[in-house]
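Okay, so here's the structure we're looking at.
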Amino acid sequence: MRLAALMLGAVLVSGAAGQNFIDPFNYPAGTTVPGYTENRGDWSCLGTSVRAQQTSTAQELTFDSVTDGDAAVELLAIYNTAAPGLQFVGPIVRYSGASATSFFMIKLQDNTSPYTGFDRLFVYYNGSAFGINYQDITTPTTAARVRIQAVDEVGTGNTRVNIYVDSDLDGLWNYTAETTTTLGYGTVGRIGIAGYGGAIADDLEYFPATLRGGALPTVGTSMPIYGRGSNSVQYLAAASLGHTGFPVGGGLWVPLDLDLMFDLSVNTPSIFQNFYGFTAPDGTFTLTLNIPNLPQLVGGTLWVGAVTTTGTSVLEVAPEVQVTFL
């Protein structure tokens, strides 16, 4: 696996060809968001974030330069404390443009009075909750990281939707869920933000590749981690103890840290199995984390990430997967 480390080093030197990004919305204050389409509502730039119109209407702001199907989108949801009330904000994938409601989305919502912060999350497609439906946020929050990921399971007619919410901003997911649905199978569309009632969003992140855990990370067992990227290309994976991220050129970054765990993961194939290889003709790949049977691991967390590459440049970056040992 030393080869994997050397190749990742080549990627870092050679720059990147992919298009994952993070948009901090550092645009001049006003009612125009450069590079985005205001599909519904009159969105505003606040200089460091964007805000939905303060009206009782669902609104969508989509990024003009990305059309994708299998992808993950994340953002920082911010409660508008200056206008407490029924409001929501969340990420969008597969906005088709054919209908104002044809897309997957998460609504992080202040759902109940007294209105003090986001207290419930919903998962929607075509304007209606499905599958995961909703989860209550035990402690209402005024800021949270929210991610949605949608992946077609080729040949099944199903789309697998994963959601993640870090409601206390400690870097760990507090709420996760997944479901499979026939809704939206085979569709592609733009990425973006859904909003209502003046809610605020910041740091929109897009990942053109996907990654998800396939089993509980119990000590003494093997945990598959499933990825999807471009067809028949090289992929590289690694693990780290943090997920601050590091740049790979061209404005792209890998959401891992270059720490001792990173080094260990690219040099210990007995534990970090298949962390280097080629994607299948349908773009899929599977990593295997062979977790040692060590009770002292229980409660510890590491992060697993992956990229697809040409060998000298990054094609796609996948979102990191949280592995908290049980």
Subset of the range 30-73 that is among the β-branched types (Val, Ile, Thr) and in contact with a Cys (Cβ under 9 Å, 6 or more places away or on another chain) - its residue that is farthest from residue 93 (Cα to Cα): 31
Members of the range 201-229 found to be among the charged types (D, E, K, R) and either in a loop (DSSP other than H, G, I, E, B) or on the phi > 0 side of the Ramachandran plot (or both), listed by number: 203
Flag if residue 188 is outside the structural domain of residue 310 (by TED's automatic domain parsing) and surrounded by fewer than 17 Cβ atoms within 10 Å (Cβ to Cβ): yes
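Listed here are the residues, each with its yes/no results for (1) free of Cβ contacts under 8 Å to residues at least 40 places away in the same chain; (2) over 25 Å from residue 283 (Cβ atoms); (3) not β-branched (Val, Ile, Thr); (4) not assigned by TED's automatic domain parsing to the domain that holds residue 58.
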| position | (1), (2), (3), (4) |
| --- | --- |
| 146 | no, yes, no, no |
| 167 | no, yes, yes, no |
| 181 | no, no, no, no |
| 233 | no, no, no, yes |
Qualifying residue in the range 242-260 (condition: assigned to a helix (DSSP H, G or I) and either more than 15 Å from residue 20 (Cα to Cα) or at pLDDT 95 or above (or both)): yes
Some residue of the range 273-294 being touching a residue at least 12 places away in the same chain (Cβ under 8 Å), surrounded by fewer than 22 Cβ atoms within 10 Å (Cβ to Cβ) and either within 25 Å of residue 145 (Cα to Cα) or not assigned by TED's automatic domain parsing to the domain that holds residue 219 (or both): no
Breaking point among (1) in contact with an Asp or Glu (Cβ under 7 Å, 6 or more places away or on another chain); (2) over 30 Å from residue 280 (Cβ atoms); (3) outside any strand (DSSP E or B), for residue 114: (1)
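The values are calculated or read from the model by the stated rules, or taken from the named source; none is laboratory data. This structure is a prediction, so every number in the text was calculated from the model and none was measured. Because the Cβ atoms are built from the backbone with ideal geometry, glycine has one as well, and the counts that use them run over all protein chains shown.
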